[in-house]
Amino acid sequence: MKTTYYKVHPIKEVSRTWDYVNDPNIINNLILVKLNKRSLYLKNSIPPAEFVPNQEKEGGIEFLYNPSIDIQTKVILYLDLNRHFEFHFSLKEVLSPGVAILVPEIVKVSKQQRKFSRIDVKDDSVTAANFRVSKNKISSNNIQFQISTKIIFPQFEEKYKTKYPAIRIMLPNDKNLPLQITKEEIIKPQTIQVDSKYILVYPLLTYQKNKFVPITYILLFLEEKIPKERETEILIELERIADELYEKIIEVNTVLIKEKQRIINISEGGAAIEITNEELMKLMPYQDSFTFDLVFKLVAPIRMFAEIKYIHQLISEEKEFLVVGVDFAGEGYTEFKKNNRDLLKSLLAKLKN
């Protein structure tokens with residue numbers, strides 16, 4: 001398989017924190033002894049180009065690699081273990097096609113430990129599809145979002161008013177929202193008391209700036225406090241209404257792009273996705289998160305909620321695309337539910353074999 005080296009333009013990136021090692025002897029020992037000559041991989045190459053350490057030579061390390069690679073004067077190799085390693089080398093000499101001496105300059109080691117190891121996906125056994133991407137930012141202070149919800153909310157109140165005459169749906173910045181809800185920013189279903197009355201509050205959440213925040217509230221005004229058993233029954237019904245409402249909000253405020261995109265690597269905690277669809281390439285840089293279907297061969301799609309960690313634009317003479325790194329997150333209507341987590345874990349175990 002041909003390896004292509006890309007120029008990388010970071011569009012969005014959550015910054016890493018690093019530890020540094022700059023002693024060449026320590027770096028050589030790390031690669032040849034502690035890592036037992038484990039293969040390293042050329043940064044920004046797709047598929048990842050393997051560099052195999054052979055022996056210490058002339059103050060550096062002799063590496064074996066694919067002779068088709070046009071090696072540069074500065075070489076960055078990486079390795080993903082429980083932490084991410086970046087090895088920075090200078091090229092001393094190309095001994096023959098596919099054999100070169102690289103002199104270590106520095107090693108960067110991520111301070112944050114990885115929870116899950118990545119699995120490279122070298123074929124189409126795992127793909128991403130059915131992307132729901134915002135055309136309007138889904139937050140309560142967005143004007144376009146507010147316009148759409150002014151149409152949606154009355155429809156839902158009308159639909160359910162026969163069973164729940166006192167049902168109301170409100171944005172967090174609605175001036176008529178009870179002050180107690182505004183102050184507390186409620187993120188879990190609960191009953192609150194306002195003066196002598198009670199309100200059953202069911203929040204719809206979205207993930208913004210590393211936390212879950214309410215985008216709207218379903219409120220059920222009650223004349224008196226209801227028994228716990230009855231409250232549980234109503235909350236189950238409100239959860240169903242919330243699911244329906246969230247899907248409608250998503251439908252109105254997002255576009256659906258069905259085209260399959262390649263998964264580069266994946267773990268239980270996230271994935272790197274190659275984005276080649278032109279519309280997705282235009283929209284992705286403006287997203288903080290999105291939903292998509294994770295598709296394993298011969299298995300029903302798993303709906304995922306993705307929080308974007310980085311977006312890189314990769315450019316070669318032949319091709320230009322985005323690599324989007326995401327963490328799998330979600331709660332409530334976008335929940336990465338336990339049964340989905342277990343299914344993903346099981347599928348990834350098969351993928352390793």
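Just so you know, all these numbers are worked out from the coordinates, no wet-lab data involved. Being a predicted model, the structure only gives us computed values, none of them experimental. Because the Cβ atoms are built from the backbone with ideal geometry, glycine has one as well, and the counts that use them run over all protein chains shown.
Among 224-233, 163-172, what's the highest-first ranking by average C-beta atoms within 10 angstrom per residue? Walk me through the numbers on the way to the answer.
Details: 224-233: 11.1, 163-172: 16.5.
The most tightly packed comes first, giving 163-172, 224-233.
Working from Cα positions, state the angle (0 to 90°, nearest 10) between the long axis of helix 228-253 and the longest principal axis of the chain.
60 degrees
So which of 135/260; 188/248; 150/183; 319/345; 115/258 end up more than 25 Å apart, counting from Cα to Cα?
Result: 319/345; 115/258 exceed 25 Å.
Ranked highest first by average number of other Cβ atoms within 10 Å, how do 271-284, 177-190 line up?
Top of the packing list down: 271-284, 177-190.
If one takes the longest principal axis of the Cα atoms in the chain, at what angle in degrees, from 0 to 90 and to the nearest 10, does the Cα axis of helix 143-160 lie?
50 degrees
For the stretch 143-254, what is the relative contact order in percent, using Cα pairs closer than 8 Å and at least 6 residues apart in sequence?
Answer for the stretch 143-254 is 26 percent.
Would you mind pulling out the separation of the Cα centroids of the stretch 33-72 and the stretch 225-295, in Å?
40 Å
Using only alpha carbon pairs under 8 Å that are at least six residues apart, calculate the relative contact order of the chain and give it in whole percent.
Reported relative contact order: 18 percent.
From the phi angles alone, apply the Karplus equation (6.51, -1.76, 1.60; θ = phi - 60°) to the stretch 107-114 and give each ³J(HN,Hα) in whole Hz, x where the residue is Gly or Pro.
10, 9, 10, 5, 6, 7, 7, 6
Would you work out which of 129, 199, 75 lies farthest towards the positive end of the dipole of the chain? Charges go on Cβ: Lys and Arg +1, Asp and Glu -1.
199
How many lysine pairs does the stretch 17-111 hold where the Cα atoms are under 17 Å apart and the two sit 8 or more places apart or on different chains? List each step's numbers first, then the result.
On the way: 34/108; 37/57; 43/74; 43/108; 57/92; 74/92; 74/108.
Going through the stretch 17-111 pair by pair, I get 7.
Please compute the contact order of the stretch 1-66 in relative form: average sequence separation of alpha-carbon pairs under 8 Å and at least six residues apart, divided by the residue count, as a percent.
Computed over the stretch 1-66, the figure is 29 percent.
Which aspartates and glutamates, if any, have their Cα less than 16 Å from the Cα of residue 197, not counting same-chain residues under 8 positions apart?
Leaving aside aspartates and glutamates fewer than 8 places away in the same chain, those within reach of residue 197 are 223, 224, 231.
Rounded to the nearest 500, what is the chain's calculated 222 nm mean residue ellipticity when only DSSP H runs of at least 4 contribute -39500 (n - 2.57) each, over all residues?
Per the formula, -7000 deg cm²/dmol.
Dipole size in debye (nearest 20) for the chain around its Cα centre, Lys and Arg Cβ +1, Asp and Glu Cβ -1?
It comes to approximately 320 debye.
Just add up the charged neighbours of residue 64: K/R +1, D/E -1, any other residue whose Cβ is under 11 Å from the Cβ of residue 64.
Summing Lys and Arg as +1 and Asp and Glu as -1 gives -1.
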